[in-house]
1. Kindly establish whether ARG86 is assigned to a helix (DSSP H, G or I), at pLDDT below 90 and surrounded by 15 or more Cβ atoms within 10 Å (Cβ to Cβ).
2. So, in region 49-76, of the ones that are more than 20 Å from GLU107 (Cβ to Cβ) and surrounded by fewer than 13 Cβ atoms within 10 Å (Cβ to Cβ), which residue ends up farthest from the chain's Cα centre (by Cα)?
3. Within region 89-125, work out how many residues are out of contact with any Ser or Thr (no Cβ under 9 Å at 6 or more places or on another chain), farther than 17 Å from ASP49 by Cβ and surrounded by 13 or more Cβ atoms within 10 Å (Cβ to Cβ).
4. Checking SER55 against (1) over 13 Å from LEU120 (Cα atoms); (2) modelled with pLDDT of 75 or more; (3) not in a helix (DSSP H, G or I); (4) not hydrophobic (A, V, I, L, M, F, W, C), which test does it fail?
5. So if I check each of ALA124, ALA80, ALA103, ALA109, which one is of a type outside the set (D, E, K, R), under 24 Å from the mean Cα position of the chain (by Cα) and farther than 17 Å from GLN46 by Cβ?
6. Any idea how many residues of region 52-61 are over 16 Å from PRO114 (Cα atoms) and of a type in the set (A, V, I, L, M, F, W, C)?
7. Could you grab me the full set of residues in region 89-122 that are of a type in the set (D, E, K, R), without any contact (Cβ under 8 Å) to a residue 12 or more places away in the chain and not in a helix (DSSP H, G or I)?
8. If I filter region 60-70 for residues that are among the polar types (S, T, N, Q), assigned to a helix (DSSP H, G or I) and touching a residue at least 60 places away in the same chain (Cβ under 8 Å), do I get at least one hit?
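The values are calculated or read from the model by the stated rules, or taken from the named source; none is laboratory data. Everything numeric in this text was worked out from a predicted model, so none of it was measured. Here the Cβ positions follow ideal geometry from the backbone for every residue, glycine too, while neighbour counts run over all protein chains shown.
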Amino acid sequence: MKGHRDFGITRRRALAGAAAGLGLAAAGAAAWDVFLSFRPRHRQTQYDDLLSLLSDRDEAIVAGNIVRDKAEQIEPWRIAPALRERMNGHTLAEVAMSDVAEARLVEAAGWLMPETVALLCALAAEME
């Protein structure tokens with residue numbers, strides 16, 4: 001055919017190009033999943049300095065909901081200063097051990113929790 005140009009695209013090259021495109025799309029989707037797994041899943045609050053002490057905030061929220069059900073009312077603006085004062089230069093483990101030694105315990109669903117841990121969990125649940 002006169003004026004017809006052959007660009008050299010064969011069925012094999014077209015399929016290879018499509019497969020490469022699908023591979024790139026799959027790699028992009030995987031990269032997006034990795035990106036999403038590293039972003040924070042909880043909204044920022046003025047209590048993040050306390051909430052960051054929790055090793056698993058999602059589990060803390062579950063426990064916090066149980067604590068909140070037993071408590072009369074959880075008021076973050078009241079408990080946060082007390083928690084900050086307790087934590088003042090100490091690790092959560094140290095403060096929790098102090099709670100246990102001083103019998104400051106909270107019962108929730110049959111479990112005894114150090115009061116500080118229970119309050120942190122309730123705070124996490126309240127912020128959700």
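1. No: the conditions fail for ARG86.
2. Step by step, filter region 49-76, then rank; the result is GLU75.
3. The qualifying residues number 9.
4. Evaluating SER55 over (1) over 13 Å from LEU120 (Cα atoms); (2) modelled with pLDDT of 75 or more; (3) not in a helix (DSSP H, G or I); (4) not hydrophobic (A, V, I, L, M, F, W, C) leaves (1) as the failure.
5. When all the criteria are applied, what remains is ALA109.
6. Selection size over region 52-61: 0.
7. Matches in region 89-122: GLU102 only.
8. Yes, that holds for at least one residue.
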